[in-house]
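The values are calculated or read from the model by the stated rules, or taken from the named source; none is laboratory data. Please read these numbers as outputs of a predicted model, since none were measured by experiment. No Cβ is skipped: glycine too gets one built from the backbone with ideal geometry, and neighbour counts run over all protein chains shown. Surface areas here come from the heavy atoms of the whole protein model, side chains and all, with no ligands, DNA or RNA. Shrake-Rupley method; radii C 1.70, N 1.55, O 1.52, S 1.80 Å.
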Amino acid sequence: SPAGMDPRPGLLRFIDHAVFGRTVCAATPIARGELIFHEAPLLRSVRMATLPPELQALFRQGAAALEFPWALTAICNLQAYTTAPAPLRQQVLSHFCSYDVHTSTLPAEAGAENGSTGGASAAAAEEELPAIISDAMRVSRWWLSQACLQPPTSGRESFAAEELTRAQCCFDLNSHEFEQTLALFKLSSRLTHCCGGANTVYLFAGGKACALSLSLSLSLSL
């Protein structure tokens, strides 16, 4: 079992990938059976069963209104993000790729500009976005429309739709399943990889996620 073990120092390194953003890859060849990472989640989505009954009911109503398959999961992701400490939220936004892998900017909010033309243009631009982004925008707007979910007027900053959309896309593009929730990990969520021909095994040990090499030797890209 990898519990109690640590990966070899210098095994992984961070790179700035032209498509995937800030990612992690192998810095040296990796031997078969070697532990690649063993880490606790940086941020986990909340489990519905841990929420008060009134929040569970609200989230189910919101998911039904949003009408896309993963709406309830998306709402639980935002619950985790908005209740996390500010430094952790900043880590999420700065460490993981978000909607910028598909487009560098989001359209202006429909109706935010003066006159009907601006709002219509924004709505048309939004329709051209990939579903992963447009759905994230919708769940972010729903979240902001719920007064009971907003932070108090003093003692904590409020959230903007763009920030919540970005955070939701971070979960969509980088999270792993972990103990019946989704979770973001500092290393494993940013590994460059090929989904076909797996050369690692992903498992849990000691309340952490870990990966072991299956190949005789892995090259510089995982």
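Sort out which residues of the range 74-87 are closer than 17 Å to Pro41 by Cα and of a type in the set (Val, Ile, Thr), and write them in order of number. Even if it seems obvious, please write down each step before you answer.
So in the range 74-87, the residues closer than 17 Å to Pro41 by Cα come out as 76-87.
Of everything in the range 74-87, those that are closer than 17 Å to Pro41 by Cα and of a type in the set (Val, Ile, Thr) turn out to be Thr82, Thr83.
Thr28 - would you say it is open to solvent by less than 80 Å² (accessible area, probe 1.4 Å) and of a type in the set (Ser, Thr, Tyr)? Walk me through it before giving the result.
On the way: open to solvent by less than 80 Å² (accessible area, probe 1.4 Å): yes; of a type in the set (Ser, Thr, Tyr): yes.
Against the criterion (open to solvent by less than 80 Å² (accessible area, probe 1.4 Å) and of a type in the set (Ser, Thr, Tyr)), Thr28 qualifies.
(1) more than 14 Å from Leu187 (Cα to Cα); (2) in a strand (DSSP E or B): which one isn't true of Phe14, the others all being true?
For Phe14, the failing item is (1).
In this structure, is Ala131 under 16 Å from the mean Cα position of the chain (by Cα) and among the small types (Gly, Ala, Ser)? Outline the logic, then answer.
On the way: under 16 Å from the mean Cα position of the chain (by Cα): yes; among the small types (Gly, Ala, Ser): yes.
In short, yes.
For Lys208, work out the one condition from (1) modelled with pLDDT of 75 or more; (2) under 29 Å from Ser140 (Cα atoms) it doesn't fulfil.
Condition not satisfied by Lys208: (2).
In this structure, is Arg22 open to solvent by 50 Å² or more (accessible area, probe 1.4 Å), under 22 Å from Gln91 (Cβ atoms), touching a Ser or Thr at 6+ places or on another chain (Cβ under 9 Å) and not hydrophobic (A, V, I, L, M, F, W, C)? Please lay out each step first, then the result.
On the way: open to solvent by 50 Å² or more (accessible area, probe 1.4 Å): yes; under 22 Å from Gln91 (Cβ atoms): yes; touching a Ser or Thr at 6+ places or on another chain (Cβ under 9 Å): yes; not hydrophobic (A, V, I, L, M, F, W, C): yes.
Answer is yes for this residue.
Give me a count of the residues in the range 31-78 that are surrounded by 14 or more Cβ atoms within 10 Å (Cβ to Cβ) and among the small types (Gly, Ala, Ser).
Count: 5.
How do the helices (runs of 4 or more DSSP H) wholly within the range 86-177 filter down when requiring 1 or more residues that are at pLDDT 85 or above and open to solvent by 60 Å² or more (accessible area, probe 1.4 Å): which remain? Give the derivation first.
On the way: elements: 86-95, 116-127, 131-145, 161-174.
The qualifying helices (runs of 4 or more DSSP H) are 86-95, 131-145, 161-174.
For the range 47-94, which positions are more than 23 Å from Asn174 (Cα to Cα) and polar (S, T, N, Q)?
Thr50, Gln56, Gln61
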